[in-house]
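The structure appears below as structure tokens.
The values are calculated or read from the model by the stated rules, or taken from the named source; none is laboratory data. For clarity, every value in this text was computed on a predicted model and none was experimentally measured. Using ideal geometry, Cβ is built from the backbone for each residue, glycine included, and neighbour counts are taken over all protein chains shown. For accessibility, only protein heavy atoms count, side chains too; no ligands or nucleic acids. Shrake-Rupley method; radii C 1.70, N 1.55, O 1.52, S 1.80 Å.
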Amino acid sequence: MRRVICFLSERNCKCLYVLILEYRWTYHNAHVNIKCLHVIDDITFHLLNYLTMDVSPSNTISILVCLICSMMMFNTVTCSNVKDRNTLLNFKKGVIDPSGFLASWFPENDCCEWTGVKCDNITGRVTQINLPCDMDDNSHCLTGQFSLSLLELDFLNYLDFSNNQFQGIQYDLQSGNSSNLLFLDLSYNYITIDHIHWLSRFSSLQYLDLSGVYFDKEINWLHSVTMLPSLSELYLEGCDLENVYPSLGYANFSSLQVLSLGYNNFGSELPSWLFNLSCDISHIDLQKSNIHSQLPKTLPNLGSIKSLILSQNYLKGHIPDWFGQLEYLQVLRLSENYFSGPIPESLGNISSLVVLNLYLNELSGNLPESLGGLINLQRLVVDDNYLTGIVSEKNLISLSNLKFFFLRSPALIIDFDPKWVPPFQLHTIELGYVSGQLPSWLFTQSSLKSLMITDSNASFEPLDRFWNFSTQIEFLSLTNNTINGDMSNVLLNSTVTWLTSNNLRGGLPRLSPHVAVLNLANNSLSGPISPLLCHNMKKGSKLRYLEMAYNRLSGELTDCWNDWKYLAHVGLGNNNLIGKIPHSIGSLSNLLALNLNDNKLLGEVPLALKNCQKLLILDLSNNSFSGAIPTWIAQSVRALILRSNHFTGYIPTQICQLNSLMVMDFANNKLSGPIPTCFHNITTLLSDYASAYYVGITIQSENIDQKFDFSLTMFMKGNKYVYGNLMNAIDLSSNNLSRSVPLDMFMLTGLQSLNLSRNQLVGTIPDEIGDMKQLESIDLSYNHFSGKIPQSMSSLHYLGALDLSFNNFVGKIPSGTQLQGFTNVSYMGNHELCGPPLTKVCPQNANPHSTNQMRKEEEEEDESEVYSCFYMGLGIGFAVGYLIVVGVIFFNTRCRHAYFKFLHQLYANVVQKTYSC
């Protein structure tokens, strides 16, 4: 009623009269409150009188006032239906509401006033439920079970529970059909559904979004959604769909205009039915869906298509010429595929084209000049291909609406007329592999907000002109160029200033208060850091990200940290900084990451860092810090890297209170004593999802919405790597730790890397190590471990690095491709180990055919041992007797004479008897 306004004309009031009669009939059938019907009857009566009588202007005004007052009565809506209220309350029973977001959902309250509920102004029946969760703040997200009984609300036409955290779905819908529901959004709840047959009852459904809801593999989703004759928008992104029915020739979509199936895993060709739709589809999105085929060679039935997104797949072959016949096409995204050959000239015929993205393919040849005639084109992205030839003003001559331009290819020559003034004003430009001079027209872009130049040897001279021009830019990224400029007198003003690997030299630049991100890593900057940090600013600094690793900075850490309260990341690694960590660094209450690795810092870790309660990453490796490992580290810390210093003493048990700790690296220090027996209290080391954890900040402004992840240097699998995400890792190698390894160490089922090498550890490896299914690297070398290698280790399927060398392991290496797939280097130095991959063959195990045979072999073995002892005694007795006789003859003269006299007489007697014979 509030939408109907009666002006002072007979015609309009007649229309109002008819509408009110229609409302009267509708709401009578809807069992509306009888008082509302009486009000409608009164309004009808007054209007009828107005239309059949001569009414003075004053009376007209009175009647209108009466009507307005009557309509205002309808604005006080009450939940008049018991069924609606009970349905909502039953739904709430299965919901877990940790933040009390549904606190208003109580029987004593009018359900039309409940959070997220909207009722019809006249009937009081529930028509809309709008309870999405904020993606940036999930504190009020609902969880528990989602009951489909909510869809039994008779007059419900709009339902949105997107981005919540429901854990399951209850299929408790009663039989029947509903013709009122038009809009249904359950996206990104990450629940799993077994079937979607229940959708067929909503014949009027126009909008369906189940993105981020996992579908069972057996669901015939295509059949179910084609049963919805009014469906115009279908979103099934990230549903883990595996079947797109590629061989099906036809799908019965009669009203479909938007089809979004991106981020699935179809693993098949483009479906035939997609190009034979009878409806006038305008939007198709299949990005990142594991599609691997070629586009049709003939023009498909896509005459009304406005947006076609096939990015991040495995499409190959040439881009067909028929694209030039799609006269309504506005968005074409074919990026991150394997398309080859030239860019078709026919693309220049699509005068409606607004976005053309061909990024990261294998396209070759020239950039067609026909693209320069696309007067509506706003975004042109052709970087990272194999394009050749020359790009000049001819390629951009009529692109008066161009706002975003991305061009980089190693063999492409950028050659613009120095006097050319383009017809456009860009918002964002990325250029790569530029040689010679930067294009002169670049400096005419007064609206430019984002500038990226990479892998170029072009001259930026005169540098003063360039740096002055850059002050207007909010996002400035110069990477891997040869600027060769002295930065000591440069003022940087861009919100995001990313100047890595440019051979910048001299002292550090000055910053304006607008800079939020500053990355000067991997240059040749030198001198102290105080000119940058101790520079007096008229306004407070907004700097949140400071990275200056891999330079030649020297001197002590400045004590000016008090003025940088917004800093979340400080990276000063791989420089020549000396001295101690100043206490003022503890004033950085928003600090998330502190990287001071690979310097010449010394002393104890200051207690002031205890004030950094948000600290997630602390990397002090490769310095000369000493003393005991701090026991007061912030509970929030995720990575604690203290390797290659001079820390002494025991590993404190307080480490076990760091429930969020993922990386513990104390390698190459002077730690002693046993390993604590409480590591199982570190709950994140029990999680299987560590590798999905990223640490970073998000910078948002009018023109920037960018996340900056913090990288981390870790030693994994015997090598040094830089990771953008965190892993569950423990490295206690090269210390003086002793005793056996606690059993709970082998209960850390989420651990991905374990290095205990080069200590004095003893004992055996328990069978529980087989439960550490996430292990990718194990190094227990150079210890005193003993016993057999447990067979359970062969079930560690992710294991990519293993070193058990130089211990006292015995027996056969467990069979299986996992352990026997490593080289003998992984097992060397264990003299009692045998079996592949070692060349030492294990003794053959006895294999008796019966118990008697085994007993006989044992008896024979015992008898053999007796004979061996007898013959050994006989030999020793003979040798001793012989030596006694010989010794007596040799040392006693009388015996020796008598012995030889006896031999002479014996010889004479033998000879005499011989001759007499």
Next item on the list: Could you pull out every residue, at least 5 positions away or on a different chain, whose amide H is within less than 5 Å of the one on Asn668? Hs are placed 1.01 Å off N in the peptide plane, and Pro or chain starts have none.
Entry: Ser644, Ser733, Ser734, Asn735
Next item on the list: Over the range 468-607, average the accessible area per residue using a 1.4 Å probe and give it in Å², no decimals.
Entry: 38
Notebook entry, point to check: Taking the Cβ of His195 as the center, what net charge do the other residues with Cβ under 11 Å away carry, scoring Lys and Arg +1 and Asp and Glu -1?
Noted result: -3
Notebook entry, point to check: Which percent of the Cα-Cα distances in the range 659-753 go past 22 Å?
Noted result: 40
Check: Which percent of the accessible heavy-atom area of the range 670-788 goes to carbon and sulfur, probe 1.4 angstrom?
Finding: 45
Note to self: For a quick size check, give me the Cα extents of the range 255-372 along its three principal axes, largest first, whole Å.
What the structure shows: 38, 27, 22
Next item on the list: Measure off 7 Å from each Cα along the Cα-to-Cβ vector at Leu89 and Ser530, then give the distance between these two points in nanometres to one decimal.
Entry: 7.3
Next item on the list: Kindly write out, for the range 694-711 in residue order, the coupling ³J(HN,Hα) from the Karplus curve 6.51 cos²θ - 1.76 cosθ + 1.60 (θ = phi - 60°), rounded to whole Hz, with x marking Gly and Pro.
Entry: 10, 10, x, 10, 10, 9, 10, 8, 4, 10, 10, 9, 9, 9, 10, 7, 8, 8
Note to self: Can you give the local net charge around Ser792? Use residues other than it whose beta-carbon is closer than 10 angstrom to its beta-carbon, Lys and Arg +1, Asp and Glu -1.
What the structure shows: -3
Check: For the range 129-145, list residues with backbone N below 20 Å from a point placed 7 Å from the Cα of Thr683 toward its Cβ?
Finding: 138-144
Margin query: Please report the net charge: other residues with Cβ closer than 13 Å to the Cβ of Leu726, K and R +1, D and E -1.
Written below: -2
Notebook entry, point to check: What FRET efficiency, computed as 1/(1 + (r/R0)^6) with R0 = 30 Å and r the Cβ-Cβ distance, is obtained for Thr298 and Ser370, rounded to the nearest 0.05?
Noted result: 0.85
Item checked: Amide H contacts of Asn366 (H built 1.01 Å from N, under 5 Å, at least 5 apart or other chain) -> Thr388
Notebook entry, point to check: What are the extents of the Cα atoms of the range 395-452 along their three principal axes, listed from largest to smallest and rounded to whole Å?
Noted result: 27, 23, 18
